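Down below is the structure, laid out as C-alpha cells.
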Amino acid sequence: MKSRQTSETSETGSRRLPLWLLGVFFVAVLGVWHMKNVRAGVLESKDTFLYGWYLLLLFCTVLFSVLAGWTFFRKRAALETAAVLCILGLGSMYLAVLAPLSAPDEVSHFISSYRLSNTILGQPAADGKGHVYIRTQDAFVLDTDLNPGESLAGQEETKDTQVLGQTLTEHTYRKIHDTGLSGTGTQEMETTVKPPVETTPLAYLPQALGIVLGRLLGLGGLGLLYLGRFGNLLFFAGITWYAMRQLPFGKEVLFGVTMLPMTLHLAASFSYDAMILSLSFLFSAVTLKLTYGAGNVRKRDVALMAAVMGVLGPCKMIYGVLLGLCLLIPVKKFGNGRNWLLSAAAVLAVYAGAMILVNSATIAQYAAETESFVGWAGESGYTFEWVLHNPVKTLRIFYNTILEKGDYYHLTMMGNWLGNLDQVLDVPYVVILAMTFTLFFLAMKKPGGETVYLAGGRRAWALFLCLACVGAAMFSMFIAWTPASSSIVMGVQGRYFLPFLPVFLMALKNNWITLTKNRDRELLFFLVCANGYVLLRLFSIVSIRI
C-alpha cells in the first residue's frame, strides 16, 4: 500500500507543470491585454494588417519564452549558449518592433554603413563635398513622403524630411507594410546631405556587409535596412559569446546586462554602440581571464587586447579608460618586468596610433580652441582652457549634474525610453526597477564557496575606472555639447555607461551579502519574460500612435 502511494505521488510530481511556465503564462496574458490597444489603432487607422503582425509577435514571444525556459531549466545549457539564443531571438524581435532608423542617431550610422558598402562594392563612396552616394530607390527611407524610386534631388535643401522610424508611429508600420522588401531593379545613384559619422570604418563593417548582401540580392531600401541591422546583431551576439567564454567569473552578470532593453535595442540597430558594447565586454573579459586564470600572458593575448582597443578607442575616446583594466594583471604573468613593459607599450601604441589616425583633427581642435560655439543652443560653450582656469567651478557643475540627472542616467541606461530617446516608447518604471534589482542579485555572492571575484585593491581599482569612465563621458559632453549658460552638463545619456556596467556589477560582489540560494537562471529567465512583455507593449503603443 505504501509503495503504491509513493508511486502515485512520484507520478503526480512528474506530471506537475514546471514553475517557469508561470512566466510564459504572464507574457501571454499581458500580450492579450495589450491587444485592446492594437484594436483601437486598427479602428482609427483602418490598417487591419496590425492584427496579423501583433498576433505573430505574440506567438513569437510566447514560443520564445517556452524555448528559453526549456534551454535554461530542462537542458540546462551553458550560459554563453543561452545568451546567444536570447540575444538573437529577442534582438530579432526588437529589430522588427522598433523599426529601422528609430535608434539614437541611427540615420547617421546607416549613412556611414552605406558609404562603406559602396567601397566594398568598388563604387564611389561620396562626392567631393563628402555627400554619400545611395541608390535612388533607397531615398524614400530618408524622406517618407517619397515612394521607392523617387529622388531626393531638389527637395533635400528646401524642406525638412521625415526619416523613416525617427519618430516611430503607426504610419511607420504602414509604410513598411505597403513598401515591402523588394527592390525596383534600378541602380541609379544620388547623394544625400545626411551626414555620416567620422570614425573608423571598422565600426560599420557588420552593417555594411548586410547592406552589400541586400544590394547583391536586389532588395530595396527596407531589405538593406533589415539585413544591415541583423548583421550588427550577429556580430554583437558572436563577440558577446566569446567574451563570456573568456570570463573566469561573472558570466551571469554579463548575460544580464545584454538582456536590458537598451542593450538589445542598440545591438539590433545600425548604431556603432553594438561594436562598442561587445568589444568593451570582450576587453574586460580578457583582462579578467589573464588576471585570475592559471596560465601566463601569451603574445596572442597581447595582440587581442591591442586589436580590440585599436578598434574600440576611435569609436568613442572615453572608453580608452578601460585600458586601466590591464593593470589588474600581475606582472609575474608576463614572465618579467621587461615583457610587461613591452606588452603595455604594444597595446598603448596600437591604441594611440588608431586615435591619431582617426581622431587627431578632432583632438587638436578641442585642445587648441580658446572659444567654442554650441550649434544646437546657438551660443558659446566651454573649452579646455576654461576648465583649466576654473577647476572648482567645473567640479561644482559635475556635482550638480549628478544630483539633477542621476535618475535620468539610470533610466536611460536600462531602457526606460527607447527609440530616439522617445518618451512615448517607454518601459514602465516598475519593470526598470525589477530589472535593476535583478542585476544586483546576479552580482551578489552565491552559496557554494565562491572564491574568485574582484576584491580588495582590485575591486577599488575597477570601481575607480568605472567612475573615471563616467567622468570622461561627462567631460566630453561638457566641452562638445554644453552651452556656457547651463549649470549642468548637457547631452550625456545613460547608454554611455553600458560598456563598463558589467565590471561595475562584478566589483560589487563581497563577503557581506551572500544569497542563500543560487537563482541565477530564474533571474535571467525573468529578464527574458520581461523583454517579451516590453516588446508587446511597445508594439501596442506604436499602433495607437496615429
* For region 485-543, which chymotrypsin sites (Phe, Trp or Tyr not before Pro) are in a loop by DSSP, counting at most 13 other Cβ atoms within 10 Å? -> TRP512
* **Under DSSP loop assignment and at most 13 Cβ neighbours within 10 Å, longest trypsin sites (Lys or Arg not before Pro)-free interval of the chain** => 299-516
* Structure fact -> region 86-143 and region 291-364 have their Cα centres apart by a whole-number Å value of 31 Å
* To do: Sequence neighbours fewer than 8 away in the same chain don't count; with that in mind, list the lysines whose C-alpha is under 19 Å from LYS129.
  => LYS194
* Which of the GluC sites (Glu not before Pro) found in region 327-421 are loop residues per DSSP with 11 or fewer other Cβ atoms within 10 Å of their Cβ? -> GLU371
* Expressed as cubic angstrom per residue, what is the convex hull volume of the alpha carbon set of region 306-389? -> 128 Å³
* To do: Counting only heavy atoms of the protein chains, get the accessible area per residue of the chain (1.4 Å probe) and round it to a whole Å² value.
  => 44 Å²
* Sparsely packed chymotrypsin sites (Phe, Trp or Tyr not before Pro) within region 366-428, loop by DSSP, other Cβ within 10 Å at most 12 -> TRP376
* Give me the percent of the accessible area of region 440-503 that comes from carbon and sulfur atoms, probe 1.4 Å, all protein chains in place. => 71 percent
* Over region 250-357, with a single point scatterer placed on each C-alpha, what log10 of the ratio I(q)/I(0) does the Debye formula yield at q = 0.11, 0.19, 0.24 1/Å? -> -0.37, -0.98, -1.31
* Asked: Using a basic spin-label model with each label point 7 Å from the Cα along Cα→Cβ, how many nm lie between ARG338 and VAL392?
  -> 5.1 nm
* **Spacing of the two label points (7 Å from each Cα toward its C-beta) at GLU371 and ALA468, in nm** => 3.6 nm
* **Total formal charge among the other residues, if their Cβ is under 12 angstrom from that of GLY41, Lys/Arg +1 and Asp/Glu -1** => +2
* Normalised by the number of residues in region 278-432, what is the relative contact order in percent for Cα pairs under 8 Å and 6+ residues apart? -> 16 percent
* Asked: In percent, what relative contact order does the chain have, based on Cα pairs under 8 Å that are 6 or more apart in sequence?
  -> 20 percent
* Asked: Per-residue ellipticity at 222 nm for the chain, helices alone: DSSP H runs ≥ 4 residues times -39500 (n - 2.57), over residue total, nearest 500 deg cm²/dmol?
  -> -20000 deg cm²/dmol
* What does the charge count near PHE441 come to, summing +1 for each Lys or Arg and -1 for each Asp or Glu among other residues with Cβ under 13 Å from its Cβ? -> +3
* With the Cα gyration tensor of region 408-531 in hand, give its eigenvalues times 5 under a square root as the equivalent ellipsoid semi-axes, listed largest first in whole angstrom. => 30, 22, 9
* Local electrostatic count at LEU266 - Lys and Arg +1, Asp and Glu -1, tallied over other residues with Cβ under 12 Å -> -1
* Asked: When Cα extents along the principal axes in Å is calculated directly from the model, which label among (1) 90, 69, 46; (2) 200, 71, 56; (3) 86, 49, 42 fits?
  -> (1)
* **Residue pairs, from the table LYS289/LYS332; LYS299/LYS333; LYS289/LYS509; LYS75/LYS289; LYS316/LYS509, whose Cα atoms sit over 19 Å apart** => LYS75/LYS289; LYS316/LYS509
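The values are calculated or read from the model by the stated rules, or taken from the named source; none is laboratory data. Predicted, not measured: the structure shown is a model, and the values here were computed from it. Neighbour counts run over all protein chains shown; Cβ positions are idealised from the backbone, glycine included. Protein only, heavy atoms only, side chains kept; ligands, DNA and RNA dropped before computing areas. Shrake-Rupley method; radii C 1.70, N 1.55, O 1.52, S 1.80 Å.
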